[in-house]
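As structure tokens, the structure follows; a few thoughts come after it.
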Amino acid sequence: MPSAIHLIFSIICATTTPLICLTFYYVFVVPRFNPLQKLAGPSVRTLFGNHLSFVLNPYRSPKAHALFVEKYGRHVRIRGLGPWDVRLLPLDPVSVAHVLKHSTIYEKPWQSRRLITSLIGCGMLAAEGIMHKRQRRVATPAFSIQNLRSIVPVVFSKGNEFQAKWYEILDSSEDASKGVEIDVCHWISRATFDVIGLAGFDYHFNAIQNESDELFHAYKEMFEIAVSQCDGIRTVVGIHIPLFNELFPDERTKTIKRCQGVIQRVAGRLIQQKKSRIMEGEKTGAGYSGKDLLTLLIKSNLATDLPPDQRISDEDILHNINTFMFAGSDTTSLALTWTLLLLAKHPESQHRLRTELLEVMPSTPVSRLTTEEIESLYNAVSNLPYLNDVARESLRLIPPVHSSLRVATQDDDIPTSYPVHLRDGTTSDQKCIRVSKGSFVHVPVEAFNLDKEMWGQDAWDFNPDRWVNLPEAASALPGLFSNLLTFSAGPRSCIGMRFSMIEMKVFLYILLTNFVFCETKKEIFKANVVLTRPYVVGQYKAGSQCPLLVKRYTGEDC
Ligand code: HEM
């Protein structure tokens, strides 16, 4: 018997010792030789302490970033999940631009890509390399200025429906003259879902009217589960061993599977119907005139000048429709929600914007305008200077995507334009930073937009007038949109930027010419839950919400 115990003990030791040694090596030894260790950065108090809350929590991040720059310069060494996870936090525009431009060297980490893929499939948001290039190439024509013009009437019609629904709510209230408290976050999210459903794949969610559509439910439930607080350990295990979720599904896994089943069935059928209509149109020579993103995506994929090896599969098309739903609905609705909150907090800006918008308002109600008249109204609205400045200022101050993460797929030298502070208190005179393969780079979207050295001492304040005369340092910043990182930059920047700008401007036009927005007594705070969302102080568990007092505009402001 003792020899049997001895044998078992020896086997356990023989198998676990190499595992323990290997873990020790990767967790404690390898990170010591990471070149990023030479950089200055905040210390950690405990063995497994980290700095994630400083760089991810919008309540702390602006102050933390400013302090980091002051103490450690613009290339900061921070710790991610644990001692093995040494990260670079670049606050130097030249370094950030390099990382975002070289998207083949700096990829999205496989962990986040796997998590996204497990929800919405491997669409443009999660794909890398050739697969991403192919998908982006096929989708790009759908997002051209020319093609997006056709979504303008759709957005106006949904905006009108939205306005009518809110009139109904206000009219049914006993004392609407004082304003009715409405959770604008929830309502705008319903409206943006409707817009992306119609403009994205010609599908009527009808979410402004009610929230009963099967496909709407499936998407909503799945996205809500994706951002809900969950068992962290289970998520980590699920990412590393996907089979685990298959073998031992919890409620979350089962719900996601059920929602995916509905999406596959309903959206999959829509894709097949659309494809056969397009092919039928080509055969008869009559063509198919659909202008939604799905039609344009399928047409671009079937284009005769596209080599067969550059085409994407039907499955990829479904994954990209899911991706547009995921990436395009909440982001835009949050951008609009934050803009309304900022305008409620700054009644003088709200008044000025409304006055500007009313100047281009036609005498005929929007619901009775022809398509040409709507297009001409949109041209007038989209060129209004103060509307432009308010939209840019809101997207600068509260970017819905707070930050992003990249991982180096090879050793690289990141160029710098500021002195690099080292851990030993000296400053490096080299104009670059060595990054080794596997290191993470935290892309600080919000920090970039709020940098006082670039944007001026009032960078944390809402001041749309700053755009009339930007500081020189700010005008030199990279960024897909208005020197901001809100839509990122480079080959992985937001493909839907123009789409969301149309939506934002049209909705702001309709909402501000019809309603007045004031703050309630409830205090709103920002939390980064995949996206930067509003919550009521003391009601975090109730979920994201942004209650505002809404009144009909009858010639008087707040
Ligand atoms: C205010 C609204 C929006 C904001 C702030 C926003 C922001 C962003 C950001 C920051 C990224 C880069 C993410 C990363 O690097 O991790 C991104 C990517 C993306 N966005 Fe948007 N987005 C918005 C609206 C939209 C809309 C309306 C659509 C589609 C209809 C869309 C589709 C996408 C897609 C497909 C990607 C992935 C692009 C790629 O990797 O090639 N977004 N967005």
Among strands (runs of 3 or more DSSP E) entirely inside the range 420-535, those with 1 or more residues being of a type outside the set (Ser, Thr, Tyr), outside the structural domain of Gly159 (by the TED database) and farther than 23 Å from His402 by Cβ are 432-435
For Gly538, the lone unmet condition from (1) assigned to a helix (DSSP H, G or I); (2) more than 16 Å from the ligand (Cβ to nearest atom) is (1)
Just one listed residue, out of Asp458, Asp429, is modelled with pLDDT of 95 or more and of a type in the set (Asp, Glu), and it is Asp458
Q.
Take Val506 and tell me if it is within 16 Å of the ligand (Cβ to nearest atom) and on the phi > 0 side of the Ramachandran plot.
A. no
Among (1) more than 23 Å from Ile510 (Cβ to Cβ); (2) surrounded by 14 or more Cβ atoms within 10 Å (Cβ to Cβ); (3) within 22 Å of the chain's Cα centre (by Cα), Gly232 falls short only on (2)
Flagged in the range 73-115 as in a loop (DSSP other than H, G, I, E, B) and aromatic (Phe, Trp, Tyr), in numbering order, are Trp84
Quiz item: Within the bounds of the range 172-185, is there any residue that is assigned to a helix (DSSP H, G or I), crowded, with 22+ Cβ neighbours inside 10 Å and in the same structural domain as Val262 (by the TED database)?
Solution: yes
Of Ser349, Ser417, Ser367, the only residue that is under 22 Å from Phe156 (Cβ atoms) and either within 14 Å of the ligand (Cβ to nearest atom) or of a type in the set (Ser, Thr, Tyr) (or both) is Ser367
Of Ile398, Ile414, the only residue that is more than 30 Å from Arg352 (Cβ to Cβ) and surrounded by 22 or more Cβ atoms within 10 Å (Cβ to Cβ) is Ile414
Flagged in the range 486-503 as of a type in the set (Val, Ile, Thr) and under 11 Å from the mean Cα position of the chain (by Cα), in numbering order, are Thr486
Scanning the range 196-220 residue by residue, those within 22 Å of the chain's Cα centre (by Cα) and not in a helix (DSSP H, G or I) turn out to be Phe205, Ala207
| query | Mind checking whether some residue in the range 463-479 is within 16 Å of the ligand (Cβ to nearest atom), at pLDDT 95 or above and not hydrophobic (A, V, I, L, M, F, W, C)? | reply | no
For this session: Could you tell me whether any residue of the range 28-49 is among the small types (Gly, Ala, Ser), within 29 Å of Tyr535 (Cα to Cα) and surrounded by 10 or more Cβ atoms within 10 Å (Cβ to Cβ)?
Result: yes
Any residue in the range 116-129 that is within 10 Å of the ligand (Cβ to nearest atom), closer than 30 Å to Trp455 by Cβ and part of a helix (DSSP H, G or I)? no
(message) Condition first: farther than 24 Å from Leu243 by Cβ, among the β-branched types (Val, Ile, Thr) and away from the ligand (no atom under 16 Å from the Cβ). Can you find one or more residues in the range 79-95 that meet it?
(response) yes
Within the range 420-462, residues being touching a strand residue (DSSP E or B) at 6+ places or on another chain (Cβ under 9 Å), within 16 Å of the ligand (Cβ to nearest atom) and in contact (Cβ under 8 Å) with a residue 60 or more places away in the chain number 8
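The values are calculated or read from the model by the stated rules, or taken from the named source; none is laboratory data. Model, not experiment: these values are computed from the prediction. Neighbour counts run over all protein chains shown; Cβ positions are idealised from the backbone, glycine included.
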